[in-house]
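**Q** Have a look at this one.
Please treat every number below as a calculation from the coordinates, not as lab data. Bear in mind the structure is a predicted one, so any value in this text is a computation, not a measurement. Note that each Cβ is placed from the backbone with ideal geometry, even for glycine, and that neighbours are counted across all protein chains shown.
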Amino acid sequence: MTCKLAPSILAADVACLGDQVATIEKAGADYVHIDVMDGVFVPNLSFGIPIVKGLRDHSELFFDVHLMIADPIEHIRDFAEAGADGITVHSEACGDKLYDTIIEILGYGVKPAVAIRPDTPIDPVLPILDKLSMVLVMTVYPGYGGQKIITDTFAKIKKLRSIIDEKELPVDIEVDGGITLENVSEVRSAGANVFVAGTQIFEGDITDNVNSFKSKLN
Ligand code: DX5
Ligand code: ZN
C-alpha cells in the first residue's frame, strides 16, 4: 500500500504559514494536515475555516482536515466549501450521528475519515468501513502537538489493517501524534500508511525533515 506523508501545520510558524506549506509541497509532502480544535471537544484552540480557505489558493496539496470539534456535522459544508479534500471527524464527537456525518461529507465530494482516540476501540468504525477513505488511529490524546507516542495503539492498527485487507477495502490507516523518524518504520509495520508529523517536520530544516521521512516510507 502506498505510504503518504502528512505534515501537520500545528507545529508550523504561523507568521509565514503560506511559505511553510509551499516548502513542504516543494519537498515532496503528500498531504497538508490541518488540525481544527474548538476548545470543547479538546481543551485547546487552533485553526478554523479561514485558514483552510486562505491556504487553498496557494497549494495543490491534498488538504487533510482533522476536525477535533464537537458536533462536526454542523460544520462540514463550511470546511468542504473552504477547500478540504479530506475531512476527518472523531467518532467520540459524533455520537449517534456518525453515519449521517459521513454521508454529509460524501455529499460534498470530500473524502471521509473517522478518528478514534487512544482509548476508543475500533468497533464504531467497522459498520461504516465501506463508506470511508481513511481511519485515523490517534497515537496520542488529541489536543496538543509534541507528545510522546502511545505504543499500546499499535494493536488497534494491526487489527484494523487485517480487517481492511481481508475485506479488500481501499481504506487508508492514518496515524497522528508522536510520529518520529525513529518510530515511523515500526508504525508502518503495524499497518499504517498515512503518517502525520508536526514537530518532527517543522523543527529544524523542513526540506531535510520531509526528505528523511520520505526515504523511510519508500
Ligand atoms: C494532535 C494533532 C496532531 C499534532 C501532531 O492533537 O492532531 O496532528 O499536530 O503533532 P506531533 O507530530 O508533534 O505529535
Ligand atoms: Zn491531527
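**Q** Give, in nm to one decimal, the length gained when the segment between Lys158 and Lys131 is fully stretched (0.36 nm per residue of separation minus the Cα-Cα distance). Don't jump to the answer; show the numbers that get you there.
**A** Numbers: separation 27, 0.36 × 27 = 9.72 nm, distance 2.02 nm.
My answer for the length gained is 7.7 nm.
**Q** Once the piece of chain linking Lys97 and Ala15 is laid out straight, how much longer is it, given 0.36 nm per residue of separation minus the C-alpha distance between them? Spell out each step's value before the answer.
**A** Numbers: separation 82, 0.36 × 82 = 29.52 nm, distance 3.68 nm.
My answer for the length gained is 25.8 nm.
**Q** May I ask you to order 13-20, 139-146, 179-186 by the average number of other C-beta atoms within 10 Å around their residues, highest value first? Mind showing how you got there, number by number?
**A** Values: 13-20: 12.8, 139-146: 19.0, 179-186: 15.5.
In decreasing order of mean packing, 13-20, 139-146, 179-186 become 139-146, 179-186, 13-20.
**Q** Please state the relative contact order of segment 1-158 as a whole percent: Cα pairs under 8 Å, 6+ residues apart?
**A** Values: 269 pairs, mean separation 26.5, N = 158.
Relative contact order here is 17 percent.
**Q** Given the options Val175, Phe154, Ala192, identify the residue whose Cα lies farthest towards the positive end of the charge dipole of segment 120-203 (+1 on Cβ of Lys, Arg; -1 on Cβ of Asp, Glu).
**A** Comparing the listed Cα positions along the dipole, Phe154 ranks first.
**Q** May I have the pair-distance distribution P(r) for the chain, computed from all Cα-Cα distances with 5 Å bins from 0 and rounded to whole percent?
**A** 1, 7, 17, 21, 22, 17, 11, 3, 0, 0
**Q** Given the pairs Lys156/Lys216; Lys111/Lys167; Lys26/Lys97, which span a C-alpha to C-alpha distance of over 31 angstrom in this model? Walk me through the numbers before you get to the answer.
**A** Numbers: Lys156/Lys216 22 Å; Lys111/Lys167 19 Å; Lys26/Lys97 39 Å.
Violating the 31 Å Cα-Cα cut-off are Lys26/Lys97.
**Q** What list do you get for His90, His75, His66 if you sort them by fewest beta carbons within 10 Å?
**A** Values: His90 25, His75 20, His66 28.
So the residues, fewest neighbours to most, are His75, His90, His66.
**Q** Just grab the label-to-label distance for Asp165 and His58, each label 7 Å out from Cα along the Cβ direction, in nm (one decimal).
**A** 4.1
**Q** Quick check for me: using +1 on Lys/Arg Cβ and -1 on Asp/Glu Cβ, what's the dipole size of the chain about its Cα centre, in debye to the nearest 20? Don't skip to the answer; put the middle values down first.
**A** Values: 18 positive and 33 negative charges, 90 e Å.
Computed about the Cα centre, the dipole is about 440 debye.
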